[in-house]
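So the structure is just underneath, and the comments pick up after that.
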Amino acid sequence: VTLKVDASPNLARKIPDVLLGVFFEEMGRGGAGGIWAELVSNRGFEAGGPNTPSNIDPWLIVGDDSSIFVETDRTSCFSQNIISLRMEVLCNDCPAGGVGIYNPGFWGMNIEDGKTYNLVMYVKSLKTTCLTVSLTSSDGLQKLASVTIIVAGKSKWIKVEKKLVAKGTNRTSRLQITTKKKGVLWFDQVSLMPADTYKGHGFRNDLVSMLLDLKPRFLRFPGGCFVQGGWLRNAFRWTETIGPWEERPGHFGDCWNYWTDDGLGYFEFLQLSEDLGAAPIWVFNSGNSYNDEVNTTAIAPFIKDVLDSLEFARGCANSTWGSVRAAMGHHEPFPVKYAAIGNEDCGKKFYNGNYLKFYHAIREAYPDIQLISNCDGSTGPLDHPADLYDFHVYADAKTLFSMTNTFDKAPRTGPKAFVSEYAVWKTDAGRGTLLASLAEAAFLIGLEKNSDIVEMACHAPLFVNDDIEKKWNPDVIVFNTWQHYGTPSYWMQKLFRESSGAIFHPTTISSCSSGNSLAASAITWQDSEKRSFLRVKIVNFESDVVFVTISTNGLQASIDVRQSTVTVLTSSNVMDENSFSNPNKVAPVKSQLFNAAAQMEVTLAPHSFTS
Ligand code: AHR
């Protein structure tokens, strides 16, 4: 097989600076119980809804029915989330360890020796009472940290703030609040955050660092169908996710069927984009859910809501909504330059009508914002104006591999493509196989080639908490309370991390036999020290070794061949996956390329991605 890289300047083309990014959706506990570091689940006792009695899951009692009685009532000091927990201590002679309540977090809390945890809670008591707040093992026996709090019996809500410093490590700890005194108390908005989060912004350090390593140029958020909701009443409403965390009502995301306290809200998504150095892409609800729609004649309040969201992000600190952002600690605007009008809503009865209303209103107020339509424009022109169109694909490995050429024939005029969700799924994908990553790599190579009209692309979904029962497979990053690993799709994406903004050079594969199971591309770029690099990426999708002669002509910059490396992503079995016990089973292996030259021989391992 020969692979010719033509690096002549007249054929070179700049790839968009924003080509590759990440798509965060609140699914698989990626946010609440994931990258958002809050350790208490259902911190406001709101998850069962506003009616009483309400479900306080996963809170449980310390003690038994004869010593303690808990129920929800509507006496909270927070008007938007009115439910609080009423706890009645029944025992005169309470057990030595006290009775009370505990929260196991999201399948346990990761408490680490020497680390500090910030506790905030709101409490009210009829009588002056002594409370013990502690971090313990899941059975309550091992005490890792503890503070004593005297609550004055004033029948008035008080805010308690304490630091708990752990003396020991336990990955599945719980937070418990106990007392030995008979009486009645109320609790609300109980939060426990590790003191050490990314830049102090509330994100789990280890998971942010995985994202940073991908060098994402954009962050699409907050969904996916999380934006739509099964029903509009459960859709993501940005206004309810901003401001003081204690006052956020939270909501039940009925697309992925779990409650979120919305600690990770609209502001935090914008903050995360900034922290990643990624352009924010705000996917807002277009007046559509899976089961209901807003008629275009009634869409005006939704439009006002979206314009408000843009003012929140971009407005001056003295504007109505910009001042709310500034009060949250971000005086400078967030540079929102992209907004998607809905998610997967094309074809719904009122989508087109609603779309046009959103489009014109936003265009008038923010002419520089690139607007994204849900309708696929890859096979023909759209019947409405748009800057970009969404393209989603979930397919088996063979199909996705064959889609390497999908955009070759897409219209070169009109809106550009935003491949905002792509992945191999179902049988070929397992929980993240090498096979899936190879097909995805070939598909991405096709997007690089067509990056004159493909502006952006991101894989879906991004995160999954391994402890949840029902998982979407596969995901890019798998985690539990304290561990994480990248699936082969993660490592594959890492090998594309220099592509955004690089220079693309055409490649030609000539072969008598294996040409159809190879996909290749070549880019050059400069690092911050102005050193030039050439990267040739080749997917070998077949089960045999392939010998390739790579020849490059027309290179302008001098490449230091002594620094050349070859990185290979492969494994002994194409269905191999990573796991917590073997996180690098399928991970790139880098070595020096001794024969680097304008013409060189390279051996491609069976089922491999070589770069
Ligand atoms: O990525 C998972 C889901 O797939 C998204 O929520 C939705 O947009 C798509 O159908």
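Within the range 571-610, being over 14 Å from S489 (Cβ atoms), surrounded by 12 or more Cβ atoms within 10 Å (Cβ to Cβ) and aromatic (F, W, Y) holds for one residue alone: F580.
Give me the residue from the range 426-444 that is surrounded by fewer than 23 Cβ atoms within 10 Å (Cβ to Cβ) and not polar (S, T, N, Q) and, out of that set, farthest from S571 (Cα to Cα). Quick ask: steps written out before the conclusion?
As a first pass, look at the range 426-444 and keep what is surrounded by fewer than 23 Cβ atoms within 10 Å (Cβ to Cβ): 426-428, 430-431.
Imposing the further condition that a residue be not polar (S, T, N, Q) reduces the set to 426, 428, 430-431.
Numbers: K426: 20, D428: 15, G430: 15, R431: 15 Å.
In this case the residue turns out to be K426.
What pairs come out if I take residues in the range 526-544 that are exposed (fewer than 15 other Cβ atoms within 10 Å of the Cβ) and pair them with residues that are among the charged types (D, E, K, R) whose C-beta lies under 8 Å away, six or more apart or interchain? Hits for this filter: R531/D560. P461 passes every criterion in (1) buried (at least 17 other Cβ atoms within 10 Å of the Cβ); (2) touching a helix residue (DSSP H, G or I) at 6+ places or on another chain (Cβ under 6 Å) apart from (2).
Does at least one position in the range 214-229 carry a residue that is of a type in the set (K, R), within 16 Å of the ligand (Cβ to nearest atom) and modelled with pLDDT of 95 or more? Taking every residue of the range 214-229 in turn, at least one turns out to be of a type in the set (K, R), within 16 Å of the ligand (Cβ to nearest atom) and modelled with pLDDT of 95 or more. Scanning the range 484-510 for residues that are part of a loop (DSSP other than H, G, I, E, B) and farther than 21 Å from V424 by Cβ gives E498, S500, G501, A502, P506.
Taking each residue of the range 497-516 that is over 30 Å from D527 (Cα atoms) and looking for partners that are in a loop (DSSP other than H, G, I, E, B) and acidic (D, E) with beta-carbon atoms closer than 8 Å, six or more apart or interchain, yields S514/E542; S514/D544. Filtering D428, D387 for residues that are more than 16 Å from the ligand (Cβ to nearest atom), out of contact with any strand residue (DSSP E or B) (no Cβ under 8 Å at 6 or more places or on another chain) and either farther than 30 Å from K357 by Cα or in contact (Cβ under 8 Å) with a residue 24 or more places away in the chain (or both) leaves a single hit, D428. Which numbered condition trips up T481, out of (1) part of a helix (DSSP H, G or I); (2) more than 25 Å from C375 (Cα to Cα); (3) more than 15 Å from the ligand (Cβ to nearest atom); (4) touching a residue at least 40 places away in the same chain (Cβ under 8 Å)? The failed condition is (1). What are the pairs, 6+ residues apart or on separate chains, where a residue within the range 253-267 that is closer than 12 Å to G28 by Cα has its Cβ under 9 Å from a residue that is hydroxyl-bearing (S, T, Y) and within 15 Å of the ligand (Cβ to nearest atom)? Pairs found: G253/T260; C255/S289; C255/Y290. Checking the stated criteria, V574 turns out to be closer than 17 Å to L435 by Cα, in the same structural domain as F541 (by TED's automatic domain parsing) and either in contact with a Leu (Cβ under 9 Å, 6 or more places away or on another chain) or among the basic types (K, R) (or both). Please indicate, with yes or no, whether at least one residue in the range 212-219 is surrounded by fewer than 16 Cβ atoms within 10 Å (Cβ to Cβ) and touching a Leu at 6+ places or on another chain (Cβ under 9 Å). Within the range 212-219 (the criterion being surrounded by fewer than 16 Cβ atoms within 10 Å (Cβ to Cβ) and touching a Leu at 6+ places or on another chain (Cβ under 9 Å)), the answer is yes, since at least one residue qualifies. Counting only residues that are more than 26 Å from the chain's Cα centre (by Cα) and either of a type in the set (V, I, T) or within 23 Å of S138 (Cα to Cα) (or both), which one in the range 1-58 is surrounded by the most Cβ atoms within 10 Å (Cβ to Cβ)? Here the answer is V5. Considering the range 393-423, the residues that are among the β-branched types (V, I, T) and within 16 Å of the ligand (Cβ to nearest atom) include one that is farthest from G446 (Cα to Cα), namely V393. Would you mention how many residues in the range 103-147 are within 29 Å of the chain's Cα centre (by Cα), buried (at least 19 other Cβ atoms within 10 Å of the Cβ) and within 20 Å of S76 (Cβ to Cβ)? Going through the range 103-147 one residue at a time, the tally reaches 3.
Residue-by-condition table, conditions (1) more than 16 Å from the ligand (Cβ to nearest atom); (2) at pLDDT 95 or above; (3) in contact with a Gly (Cβ under 7 Å, 6 or more places away or on another chain); (4) not acidic (D, E):
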| site | (1), (2), (3), (4) |
| --- | --- |
| L3 | yes, yes, no, yes |
| V22 | no, yes, no, yes |
| E25 | no, yes, yes, no |
| W36 | yes, yes, yes, yes |
| L60 | yes, yes, no, yes |
| E71 | yes, yes, no, no |
| C77 | yes, yes, no, yes |
| C91 | yes, yes, no, yes |
| C94 | yes, yes, no, yes |
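From the list F312, F334, the lone residue that is in contact with a strand residue (DSSP E or B) (Cβ under 9 Å, 6 or more places away or on another chain) and of a type outside the set (G, A, S) is F334. Residue pairs whose Cβ atoms lie under 8 Å apart, sitting 6 or more positions apart in sequence or on different chains, and linking a residue in the range 335-355 that is over 23 Å from Y422 (Cβ atoms) to a partner that is surrounded by fewer than 19 Cβ atoms within 10 Å (Cβ to Cβ) and among the hydroxyl-bearing types (S, T, Y), are F350/T296; G353/T296; N354/T296. Within the range 438-478, if we keep just the residues that are touching a Leu at 6+ places or on another chain (Cβ under 7 Å), within 30 Å of F203 (Cα to Cα) and not hydrophobic (A, V, I, L, M, F, W, C), the residue that is nearest to the ligand (Cβ to nearest atom) turns out to be D475. Scanning the range 576-593 for residues that are farther than 20 Å from N465 by Cα and without any contact (Cβ under 8 Å) to a residue 24 or more places away in the chain returns a single hit, V589. Please determine whether any residue of the range 40-50 is touching a strand residue (DSSP E or B) at 6+ places or on another chain (Cβ under 9 Å) and free of Cβ contacts under 8 Å to residues at least 40 places away in the same chain. Yes: the range 40-50 contains one or more residues that are touching a strand residue (DSSP E or B) at 6+ places or on another chain (Cβ under 9 Å) and free of Cβ contacts under 8 Å to residues at least 40 places away in the same chain. Name the strands (runs of 3 or more DSSP E) wholly within the range 511-600 that hold at least 1 residues that are of a type in the set (K, R) and either touching a Cys at 6+ places or on another chain (Cβ under 9 Å) or under 24 Å from G486 (Cβ atoms) (or both)? Counting at least 1 such residues, we get 532-540, 589-592.
Of everything listed in (1) farther than 28 Å from K585 by Cα; (2) modelled with pLDDT of 95 or more, the single unmet condition for V561 is (2).
Apart from one condition, I242 fits all of (1) on the phi < 0 side of the Ramachandran plot; (2) within 17 Å of the chain's Cα centre (by Cα); (3) more than 15 Å from the ligand (Cβ to nearest atom); the exception is (2).
The values are calculated or read from the model by the stated rules, or taken from the named source; none is laboratory data. What you see is a predicted model; the values in this text were computed from it and never measured. Cβ: placed from backbone, ideal geometry, glycine included. Neighbour counts: every protein chain shown.
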